[in-house]
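The values are calculated or read from the model by the stated rules, or taken from the named source; none is laboratory data. None of these values were measured; they are calculated from a predicted model. Just so you know, the surface numbers come from the protein's heavy atoms only, side chains and all, with ligands and any DNA or RNA stripped out. Shrake-Rupley method; radii C 1.70, N 1.55, O 1.52, S 1.80 Å.
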Amino acid sequence: MNDLQKIVQASVDLIGDIPYQDYTFIAIGPGGGGIEHLNSTTFAFTGESQNNPQSRLRTLFFLAHEYFHHYNVKRIRPIELGPFDYDQGSRTNQLWISEGLTVYYEYLLLRRAGLCSDEELLEALRKNIQGFEDKPGRLYQTLLQASYETWSDGPFGAPEMR
Ligand SMILES: [Zn+2]
């Protein structure tokens, strides 16, 4: 909770606004991933990741990412993403911008919150860039196409392009 508070404070310091009355982190137990909402985020969490410093850091990056989405994606967003169509999905070719900036800020926020070192920040960025460069799909599909096809391919791309 103390680390979450630092992440929230670093975000508020960065943006200079708190656009909600209340915000809730909803941990739902085992599973994977999370989803942002306007005034909350829902995420898989069992607490086990807190026993290992590296998995703990990954969890904090992830929580910073989901939290920052209430600014970037829920309020600052491509026009196609709002109001969100939960039945059909909301297609946009700009998801790569929204997600890319949020990933950048998840790292920056943890550094500004004092929860990671410069070396840990650079290593997380390095792994992220390496992960992209190792995916053969980047040679066959543009970022715009990948953004648009998220609803049919899933958030990590089509299996044959991973
Ligand atoms: Zn995201």
Report, ordered by chain and residue number, the lysines lying within cross-link reach of Lys74, taken as a straight Cα distance under 26 Å and ignoring same-chain residues fewer than 8 apart. Lys6
Could you state the number of Å between the C-alpha centres of segment 29-43 and segment 1-28? 14
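Heavy-atom accessible area per residue, the chain, 1.4 Å probe: how many Å²? Write out the running numbers ahead of the final one.
Values: 10040 Å² over 162 residues.
So the chain comes to 62 Å² accessible per residue, rounded to a whole number.
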Accessible area of Leu121, 1.4 Å probe, to the nearest 10 Å²? 30
Evaluated over the chain, the Cα radius of gyration and Dmax, each in Å: 16.0, 44
What is the log10 of I(q)/I(0) for segment 68-162, computed with the Debye formula using one identical point scatterer on each Cα and no solvent, at q = 0.15, 0.17, 0.21 Å⁻¹? -0.70, -0.86, -1.11
List the aspartates and glutamates whose alpha-carbon lies under 15 Å from that of Lys127, not counting same-chain residues fewer than 8 positions away? Glu106, Asp118, Glu119
Relative contact order computed over segment 25-162 (Cα-Cα under 8 Å; 6+ residues apart), in percent: 19
Whose amide H sits under 5 Å from the amide H of Ser40, counting only residues 5 or more places off or on another chain, with H placed in the peptide plane? Thr24
Rg/Rg_globular for segment 19-115, with Rg_globular taken as 2.2 N^0.38 Å and Rg from C-alpha atoms: 1.12
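What per residue convex hull volume, in Å³, do the alpha-carbon atoms of segment 39-91 yield?
Dividing the Cα hull volume of segment 39-91 by its residue count gives 99 Å³.
Which percentage, to the nearest 5, of the DSSP beta bridges contained in the chain is antiparallel?
On the way: 4 of 9 bridges.
Of those bridges, close to 45 percent are antiparallel.
Between Ile15 and Ser40, 0.36 nm times their residue separation minus their Cα-Cα distance comes to what? Mind dumping the intermediate values first?
Numbers: separation 25, 0.36 × 25 = 9.00 nm, distance 1.75 nm.
Gain on stretching Ile15 to Ser40: 7.3 nm.
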Note, ³J(HN,Hα) from phi for segment 36-41, Karplus 6.51, -1.76, 1.60, rounded to Hz, x at Gly and Pro: 8, 10, 4, 10, 6, 9
